[in-house]
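First comes the structure, then the notes that go with it.
The values are calculated or read from the model by the stated rules, or taken from the named source; none is laboratory data. Quick caveat: nothing in here was measured; it's all calculated off a predicted structure. Using ideal geometry, Cβ is built from the backbone for each residue, glycine included, and neighbour counts are taken over all protein chains shown. Note: accessible area is taken over every heavy atom of the protein model, side chains too, but ligands, DNA and RNA are not part of it. Shrake-Rupley method; radii C 1.70, N 1.55, O 1.52, S 1.80 Å.
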Amino acid sequence: MTPDDFRRHGKALIDWIADYWEAVADTPILPDVSPGDIRSRLPEHAPERPETFESMMADLDDIVMAGITHWQSPGWFAYFPANVSFPAILGDLAASGLGQQGMLWQTSPATTEIESHVLDWLVDLMALPSEWKTTGPGGGVLQMSASDSTHTAIVVARSRHTGVEPSRMVAYASSQAHSSIEKGANVAGIGHVRLVETDNEMAMRPDALEAAVLADEDAGLVPMFVCGTVGTTGTTAVDPIRAIGGIAERHDLWFHVDAAYAGNAMICQEFRHHIDGVELADSYTFNPHKWLLTNFDCSVFWVADRRPLIETMSIVPPYLRNAATDRGDVIDYRDWHVPLGRRFRALKLWFVLRHYGAEGLRAYIRSHVALAQSLTERIDAHPRLDTVAPTLFGLVSFAHVDGNEATQRIVEAINATRTSYVVPSTLGDRLFVRVAIGSTLTDTSHVDALWDAVESAV
């Protein structure tokens, strides 16, 4: 493909993406396929001879689109959002075109330095501890997901206890915490994971945490890690960060804060009380790819002190040695996570921050929170519906007062529209509807359409 061919085909693909975004609001969210349908449309063997780009574009429509779940639909209220924006797409395109492998500063100085600087910007924009900047003792790095960030934090926490068998170590999290905590502990070989009881608002109980830690210490085990969650997946519950941090200090636990979804809201001052005590954290993660208009994958991981991270992750074979690294003049992000290779993820985040500005991003977050609050008011005013958790951010959790069968009918009514989509969850034995408002194009009309479906089933 020549540069001229690339220009022509690239313009066609950009037009195709723009056309998709103009049509996605009216497109059924779930594809009408069965397992294996898409693969059955593909040739049994790879092509021996070149195919035209036009044939590839045709197959985008005929094959790929037949099996796409439309996460970018404004009626997408399932899970948490996976935001995309045009500036982020263009930033990703530029990064792909440059083809950087930023494992070392030397292999791509711009990849490293823009990433460091943009994440330092975010420290200020979210009023996080200034020590977390790369100009201080800590620093930030982009990971693929919050799960990767959490797994990394657990491994660093493990390394602080030299001479202790991992089978004797204990990690703690709320019973409402993300499954990545348990998975990360399993991957790291941690012997025990305690899921701590929660209060009436599904937040971790500090007294239950401390009791569990003391019991494990008395049993000869080694408590080593605790995760506090800001915005749980089920209900966006917020753990008491300051209280957990105090317990972590008293018992020498690595304190990690998982704010994968709700951390995005910290760009707005009015939500920052939820992270009171965050200066006590050893590490912190949030995902701009969830709710800050930056397409997947883009997960921020900060540490208060980068030395334990680098000491745990750094292995320097001769072929990675260079003068800048040896002098300690630079950051080599290969030492900040498990993979050696890394893409230029920061470019799309840089584009987003510059295109929208902090003011635009704050307005975006606030618009979704306002929609969620409006929906909550409708639910609270309805005699047949009941909210099951406070609406703290953009997630609304509710159920039918008549029980699980009636709640399931609401889910089915919403999803039967095909242009709104929710996924239910449970608290104990109680089924409830999760409405995660946060897709790029979602506005009042889409929430109104969802409410119409709710009312039809009540």
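With an 8 Å cut-off on Cα pairs and a minimum separation of 6 or more residues, tell me the relative contact order of segment 316-427 in percent.
Details: 64 pairs, mean separation 12.6, N = 112.
Rounded, it is 11 percent for segment 316-427.
Its Cα centre serving as origin, the chain has a Cβ charge dipole (Lys and Arg +1, Asp and Glu -1) of approximately 780 debye.
Estimated at the nearest 10 Å², the accessible area of D199 is 70 Å² with a 1.4 Å probe.
Rank these residues by their accessible area, most exposed first, probe 1.4 Å: M144, M65, M204.
Per-residue accessible area, sorted high to low, gives M144, M65, M204.
Report, to one decimal in Å, the Kirkwood hydrodynamic radius for the chain based on all distinct Cα pairs.
For the chain, inverting the mean 1/r across all distinct Cα pairs yields 23.8 Å.
Once the C-beta distance of E359 and D452 is scaled by a Förster radius of 25 Å, the resulting FRET efficiency is 0.15 to the nearest 0.05.
Could you sort D218, D4, D59 by their accessible area in this structure, using a 1.4 Å probe and putting the largest first?
Working: D218 135, D4 105, D59 65 Å².
Accessible-area ranking of D218, D4, D59, largest first: D218, D4, D59.
In the full protein context, the chain carries 45 Å² of accessible surface per residue, based on a 1.4 Å probe and ignoring ligands, DNA and RNA.
Work out which helices of the chain, taken as complete DSSP H runs, extend at least 27 Å along their axis over the Cα atoms and score a mean Kyte-Doolittle of 1.0 or more, then list them. Spell out each step's value before the answer.
Working: long enough: 3-23 (30 Å, -0.84); 346-381 (45 Å, 0.14).
What comes out of the filter, once short or polar helices are dropped, is none.
With one equal scatterer per alpha carbon and no solvent term, the Debye-computed log10 I(q)/I(0) for segment 357-458 at 0.11, 0.17, 0.18 1/Å reads -0.31, -0.72, -0.80. On full extension, the segment bounded by E165 and A46 gains 38.0 nm, given 0.36 nm per residue less the C-alpha separation. In this Cβ point-charge picture (+1 for Lys and Arg, -1 for Asp and Glu), segment 16-93 has a dipole of about 280 debye about its Cα centre.
Dipole orientation for the chain: of the candidates H251, Q106, A370, Q106 has the Cα lying most toward the positive pole (charges on Cβ; Lys, Arg +1; Asp, Glu -1).
For segment 143-206, the fraction of C-alpha pairs more than 17 angstrom apart is 42%. Pairs exceeding 24 Å between alpha-carbon atoms, taken from K11/K290; K133/K290; K183/K348: K11/K290; K183/K348. Put simply, the amide H of V196, placed in the peptide plane, has neighbours under 5 Å in A173, S174, S175, leaving out anything fewer than 5 places away on its chain. The charge dipole of segment 343-388, taken about its Cα centre with unit charges on the Cβ atoms of Lys, Arg (+1), Asp and Glu (-1) only, comes to about 460 debye. Remark on segment 41-176: Rg and Dmax equal 21.8, 61 Å (Cα only). The stretch between N404 and H273 holds 43.7 nm of extra length on full extension. This uses 0.36 nm per residue minus the Cα-Cα distance.
Annotation: amide H of V222 within the under-5 Å range of M169, V170, sequence separation 5 or more or interchain, hydrogens built in the peptide plane. The packing ranking of peptides 107-120, 283-296, 374-387, highest mean first, is 283-296, 107-120, 374-387, where packing means the average number of other beta carbon atoms within 10 angstrom of each residue.
On the protein heavy atoms, probe 1.4 angstrom, tell me the percent of accessible surface of the chain carried by carbon and sulfur. Carbon and sulfur together cover 53 percent of it.
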